[in-house]
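Novice: I'd like to ask you about the structure that follows.
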Amino acid sequence: MKAYFSVFKLRLIYGLQYRAAALAGVATQFFWGIMHIMIYEAFYANAASAPPMSLKQVIIYIWLQQSFLVFVALWIRDNEIINLITSGNIAYELCRPCSIYGFWFAKLIAQRLSGAMLRCLPLLIAAFLIPEPYKMALPGSLAAFLLFTVSLFLGLMVLVSISMLIYISMFITILPVGSMVVFSSIGELFSGMIIPIPFMPSWLQKIAYFLPFRLAVDMPFRIYTGHIPVSQALQGVLIQLIWLGVLILTGYASMKKVQKRVIVQGG
Amino acid sequence: MKLYFKYMSILLKSQMQYRASFWLLSIGQFFVPFSVFAGLYFLFERFGSIRGWSFFEVALCFGVINMAFSITECFVRGFDIFSNLVVSGDFDRVLLRPRSTFIQVLGSQFEFTRLGRLLQGVIVLVWAAVNLSIRWTVFKIITLILMIISGIFIFTGIFVLAATLCFWTIQGIEVANIFTYGGKEISQYPLNIYKKWITRFFTFIIPFGCVNYLPLMYLLDRTQYNYHFYMLTPLIGILFIIPCLGVWEMGVKHYRSTGS
């Protein structure tokens, strides 16, 4: 366990080095947030029927999404791992006296944490300071905030365990990018990155609620806005734990299986 | 120009070496904007319209912009990843050759897989055009084609500007994404749905308004007077490339090698 923790710490420090890049990212994401809010504002201006979320809730959702983008985006991929697999350098990783699954898991989580740590605070401060229609708001209650934090971190772990499955599948296909692009754009839709899930037609909502993607994005953000009440949020956290268990076990088992048949070509 | 096509055929051959990967990536590129478009569709299903624009009107806009952007990404990729040339010092070699720097950088990289994305744009455009009750005339078809061409020129201009910045910053900078990808995102909707300052910025500084808003009014017969002016607005967008090229030349003069 200690080894994984130090991998985690090293990666965190490494990621925090890129401060200028992070600052540039903040500016970009701030613009993105404003733009999306304006689009929703225009939609709300002459809405025929009552929308499923209030405009304020959507605005909070958008700001959270932009602040924690590195946390929740499925398309972020670690080129180092991809290179390891395609180039055959995976052999070195196999020599390490700890399981690859745990090692990569810690690494991926640390990467996302360090990315988000640099970006989310300045962005959130900016979002709280801008004038009213676009302003970010505090969560409804303390309980909602606590549950939001818990579910955000659990969601992060769910997301990383999903992307671990993608990396493992690359041992078999070796063709990384094409299938990953398709997979992540579909996952993005079902996680609520493109539009919050309540805006989808009901048949699609059913599919989205069934899949694990929404646990990382849609659920924590809607808990913050109060759109998901506290009692339901507790239930959601439980679902997250179950999914997390299933995903990690599947990943761990398939990693074991794949490792047995790995052939490292020399060179 | 001959040189440019030579570059193109060489790079196409080299990318086709990995045939399966090439096709998979193209298919992947086809699906990427698909989920964004699905999101757009669902929002319209929920709300009906956006500031008086119907779904198919916005879809027309979406199709035009995505076509223009994917063509640009395919052919102007060299400028998109230009920072690599500066960082590695390889730009020195480009300077030594007796040809224009612009053509050489343009030809240094092509991303043919983006054509998958182009196909998606075409499908959306045709779907929207069939469902809109537009009386198509020769002038309108010309306008539509001009819109796409103008979009390509504007995106190219922005990519060139972003690349020029690398002469000073060495690193590629993410802020430039506001204007490339952000410009694409923002102009997927008709510009008048945004606040005035955004609309003005993206009409008078970066002339996206000349691609999606003004000519769109003409296509949909919403103009009140002087409609020939609206038809010609995409041409103004094309002029955007001229100052960009000027800045590029300035940047090249300013270039200092990073060494090897």
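The values are calculated or read from the model by the stated rules, or taken from the named source; none is laboratory data. All values derive from a computational prediction rather than experimental measurement. Cβ sites come from the backbone with ideal geometry, for glycine too, and all protein chains shown count toward neighbours.
Novice: Name the residue that is farthest from the chain's Cα centre (by Cα), counting only residues in segment B:90-104 that are surrounded by 13 or more Cβ atoms within 10 Å (Cβ to Cβ) and either more than 17 Å from B:Ala163 (Cα to Cα) or not hydrophobic (A, V, I, L, M, F, W, C) (or both).
Specialist: Quick first cut of segment B:90-104, residues surrounded by 13 or more Cβ atoms within 10 Å (Cβ to Cβ) only: B:90-92, B:94, B:100-104.
Cutting the leftovers down to either more than 17 Å from B:Ala163 (Cα to Cα) or not hydrophobic (A, V, I, L, M, F, W, C) (or both) gives us B:90, B:92, B:100-101, B:104.
On the way: B:Asp90: 26, B:Asp92: 28, B:Ser100: 23, B:Thr101: 21, B:Gln104: 20 Å.
Across segment B:90-104, the extreme among qualifying residues is B:Asp92.
Novice: Here's a follow-up. Do we find a residue being under 18 Å from A:Asn79 (Cα atoms) and at pLDDT below 90 anywhere in segment A:115-129?
Specialist: Within segment A:115-129, one or more residues are under 18 Å from A:Asn79 (Cα atoms) and at pLDDT below 90.
Novice: Among the residues that make up segment A:247-261, is at least one of them surrounded by fewer than 18 Cβ atoms within 10 Å (Cβ to Cβ) and farther than 17 Å from A:Met164 by Cα?
Specialist: Scanning segment A:247-261, I find at least one residue that is surrounded by fewer than 18 Cβ atoms within 10 Å (Cβ to Cβ) and farther than 17 Å from A:Met164 by Cα, so the answer is yes.
Novice: Select, from B:Ile206, B:Ile154, B:Ile148, B:Ile193, the only residue that is closer than 24 Å to A:Asn46 by Cβ and in contact (Cβ under 8 Å) with a residue 12 or more places away in the chain.
Specialist: B:Ile193 is the lone residue from the list that is closer than 24 Å to A:Asn46 by Cβ and in contact (Cβ under 8 Å) with a residue 12 or more places away in the chain.
Novice: Additional query: Before we move on, is B:Ile198 in a helix (DSSP H, G or I), within 11 Å of chain A (Cβ to nearest Cβ) and either modelled with pLDDT of 80 or more or within 20 Å of B:Ile241 (Cβ to Cβ) (or both)?
Specialist: yes
Novice: Taking the options B:Gly172, B:Gly182, name whichever one is small (Gly, Ala, Ser), farther than 24 Å from B:Ile145 by Cβ, buried (at least 17 other Cβ atoms within 10 Å of the Cβ) and modelled with pLDDT of 80 or more.
Specialist: B:Gly182
Novice: A further question follows. Within segment A:160-181, how many residues turn out to be away from chain B (no Cβ under 14 Å) and modelled with pLDDT under 80?
Specialist: First, pick out the residues of segment A:160-181 that are away from chain B (no Cβ under 14 Å): A:160-165, A:167-168, A:171-172.
Remaining after also requiring modelled with pLDDT under 80: A:171-172.
Number of matching residues: 2.
Novice: Residue by residue through segment A:89-106, note down the ones that are surrounded by 20 or more Cβ atoms within 10 Å (Cβ to Cβ) and not aromatic (Phe, Trp, Tyr).
Specialist: A:Ile100, A:Ala106
Novice: Within segment B:99-152, track down each residue that is of a type in the set (S, T, N, Q) and farther than 24 Å from B:Ala38 by Cβ.
Specialist: Across segment B:99-152, the qualifying residues are B:Ser100, B:Thr101, B:Gln104, B:Ser108, B:Gln109, B:Ser133, B:Thr137, B:Thr143, B:Ser150.
Novice: If you don't mind, another one. So, A:Gln111, is that one away from every other protein chain (no Cβ under 11 Å) and under 17 Å from the mean Cα position of the chain (by Cα) or not?
Specialist: Criteria met by A:Gln111.
Novice: Right, next: If you go through segment B:205-222, how many residues are outside any helix (DSSP H, G or I) and either among the polar types (S, T, N, Q) or within 14 Å of B:Tyr189 (Cα to Cα) (or both)?
Specialist: Number of matching residues: 2.
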